[in-house]
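A short write-up of the structure that comes next.
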Amino acid sequence: MNKDVAIVGVGWEGFHPTSVDYSYKELIYQAANKAYHDANVDPRKDIESFISVAEDFFEGTSIFDEYTPDQLGAVLKPMHTISGEALHGLISAYLMIRSGLFKIVAIEAHSKASNIKSITEVTRYALDPILQRPLNFHPDFVAGLEMQRFLHQSQCSISDCSMIVQKNRYNALSNPSAAYPMSLAETKLSEDDFLAYPLLESHIAKPVDGAIVIVLANGDVAKDISSQPIWIKGVGWCNDSYALEYRNWGELSYVQKAAKMAYSQSQITNPIEGIDFAEIDDSYAYREAMTLIALGFADNTTIRGLIREGAFYPDGKLPVNVSGGSLGVGYLFDASGAQKTVEAVLQLRGIAGARQLSQPSTAIVESWRGVPTTSSAVVILSNQRE
Amino acid sequence: MYPFHHPFDRPVHYEGLFPVTNRYTYGIASEKFFRALKEEGIILGTHCPHCDKLYVPGTIFCETCLSELEDWRAVDNVGRVDTFTVLYKNLDGTYRTEPEIVAFIRLGDGGLVHRLAEIDPKSVLIGMQVAAVFKPPEERTGNILDIRYFKPV
Ligand SMILES: [Zn+2]
């Protein structure tokens, strides 16, 4: 049996700070239409199974999987919902195809953040109810603690993290779908507006609304229906201890392990040589730097120099978040990994427009479920089947 | 992008509210931990003999080797600041009149997240020693707030 799996279609609607006209179902419907057109498939005939990614508290509806089939063309078809990151959904679809039971599977992820009137409360509700919630802190204290430990270990400064914000929002200028682009001249970031020192308000990605649908197919089908299939070369996922108390604050061991799993499947021994660009978590600016270390592109002694020399700009050694990332595009919560995957697909197809990189062949995509989690997933994509 | 224009008098959404209340059972480990906090003013951990790891707060199983843990030990009420942050905002997004220091205090191989007080935020350092300040025994109710805060020693 052919073990290759490819992404054969992507579609998205967004991304905007608010979307007053479309309901979440309509956002998804728009994205699905585009993805199915891109993949050249009829959802009612060709797609054999569907996966949606959603978290009840963000949706404002319990048992949300009831609400996912119709807008995707999945009524009376195999369908399930994952309460995880979009990359977990993508990996599940990949595994379903690898099992041989399905040839074409679609995944959907979305954010209707503008409808959540108490986002901070939802995040607070993710904290340990016995050990942390009684303290009544703004939940971003977790990011503040993590950033402080990172700065301590890496000798990076708050300004180095501001440079990541500048880069990603600058990159977003070349992405028409991005909600928060800003030119370098304009991003004189105020360095006294702290939420959780050393974490600045400007270092936190702002929410956006949007929906993304991705169609996957097995190798034989992909070859037939798509002129530009993007191959999934490796997948990995990992969670650390949930407890803030048992955590090693200075490193992202779970990201490192997820990447190791994906690298080994992709036969990548040295990511610096094997990877052309990265779309990774930047929901807080410091997380991009920490994640680059966990993925093996830098270490605590080199990260500061690499940021300062511009190594992660589109013309640098390793372009990171060319799409603008969550800081430039906007933060899509658990759909963030899908936005990053779409960017990787566009770049690898060579159709990323003004921000197109020069002939990339392999990309790494990583995402994280946000504060207070230690939940990350990694996917490696390539436009080369072999 | 959005072709439909809504005059302000047209209904475009419906407001919803979901009042959630829950009860969280402490379980064997947390009951023992908070009973010791309340009645004796001590912080308890459990030691895994296989991994030589001291879990604080104590737990009845080791997350590394999954052994059952029975060796309960009181740890020193003094620990080190492993990392810290200074919060400028309240939970509701409003700015605090005075910023508040939150620290992760390393105790054994675990630790506690708590307030840090009796120190200027600018003077806090990673690695500094801090001690738990307990409420008076008659005010303790068996939860994490029985520790009022940590302070430098
Ligand atoms: Zn053990």
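Residue under question is A:SER361, and the condition is that it be closer than 22 Å to A:ALA126 by Cα and of a type in the set (Gly, Ala, Ser); does it hold? Criteria not met by A:SER361. For segment A:322-340, what are the residues that are over 8 Å from the mean Cα position of the chain (by Cα) and within 16 Å of A:GLY353 (Cβ to Cβ)? Of everything in segment A:322-340, those that are over 8 Å from the mean Cα position of the chain (by Cα) and within 16 Å of A:GLY353 (Cβ to Cβ) turn out to be A:VAL322, A:SER323, A:GLY324, A:GLY328, A:VAL329.
Selection of segment A:118-142 for residues being more than 8 Å from chain B (Cβ to nearest Cβ) and either part of a helix (DSSP H, G or I) or farther than 30 Å from B:GLY110 by Cβ (or both) yields A:SER118, A:ILE119, A:VAL122, A:THR123, A:ARG133, A:VAL142. Taken over segment A:189-227, residues that are in contact (Cβ under 8 Å) with a residue 40 or more places away in the chain and polar (S, T, N, Q) amount to 3. From the list A:ASP281, A:ASP276, A:ASP299, the lone residue that is crowded, with 24+ Cβ neighbours inside 10 Å and of a type outside the set (Val, Ile, Thr) is A:ASP281. Say we look at segment B:63-84 and pick out the residues that are hydrophobic (A, V, I, L, M, F, W, C), touching a residue at least 12 places away in the same chain (Cβ under 8 Å) and over 18 Å from B:ARG106 (Cα atoms); which of these is farthest from the ligand (Cβ to nearest atom)? Among those that are hydrophobic (A, V, I, L, M, F, W, C), touching a residue at least 12 places away in the same chain (Cβ under 8 Å) and over 18 Å from B:ARG106 (Cα atoms), it is B:LEU69.
None of A:ASN270, A:ASN321, A:ASN248 is crowded, with 17+ Cβ neighbours inside 10 Å and either free of Cβ contacts under 8 Å to residues at least 12 places away in the same chain or touching a Gly at 6+ places or on another chain (Cβ under 9 Å) (or both) except A:ASN321. Residues in segment B:114-144 that are of a type in the set (S, T, N, Q) and either surrounded by 15 or more Cβ atoms within 10 Å (Cβ to Cβ) or facing chain A (nearest Cβ under 10 Å) (or both): B:ASN143 only. Scanning segment B:42-62 for residues that are near the ligand (Cβ under 8 Å from one of its atoms) and buried (at least 19 other Cβ atoms within 10 Å of the Cβ) yields B:CYS48, B:LYS53. Of the residues making up segment A:359-386, those that are of a type in the set (S, T, N, Q), more than 17 Å from A:GLY274 (Cβ to Cβ) and in a loop (DSSP other than H, G, I, E, B) are A:THR373, A:THR374. Among the residues here, B:LYS32 qualifies as of a type in the set (D, E, K, R) and more than 16 Å from the ligand (Cβ to nearest atom). Quick check: anything in segment A:89-104 within 14 Å of another protein chain (Cβ to nearest Cβ), in contact (Cβ under 8 Å) with a residue 12 or more places away in the chain and more than 17 Å from A:THR373 (Cβ to Cβ)? No; the residues of segment A:89-104 include none that is within 14 Å of another protein chain (Cβ to nearest Cβ), in contact (Cβ under 8 Å) with a residue 12 or more places away in the chain and more than 17 Å from A:THR373 (Cβ to Cβ).
B:GLY111 fails exactly one of the following numbered conditions: (1) buried (at least 21 other Cβ atoms within 10 Å of the Cβ); (2) modelled with pLDDT under 95; (3) small (Gly, Ala, Ser). What is the number of that condition? Unmet for B:GLY111, out of (1) buried (at least 21 other Cβ atoms within 10 Å of the Cβ); (2) modelled with pLDDT under 95; (3) small (Gly, Ala, Ser): (2).
The values are calculated or read from the model by the stated rules, or taken from the named source; none is laboratory data. Since the model is a prediction, treat every value here as computed from it, not as a measurement. For neighbour counting, all protein chains shown are included, and Cβ atoms are generated from backbone atoms with ideal geometry for every residue, glycine included.
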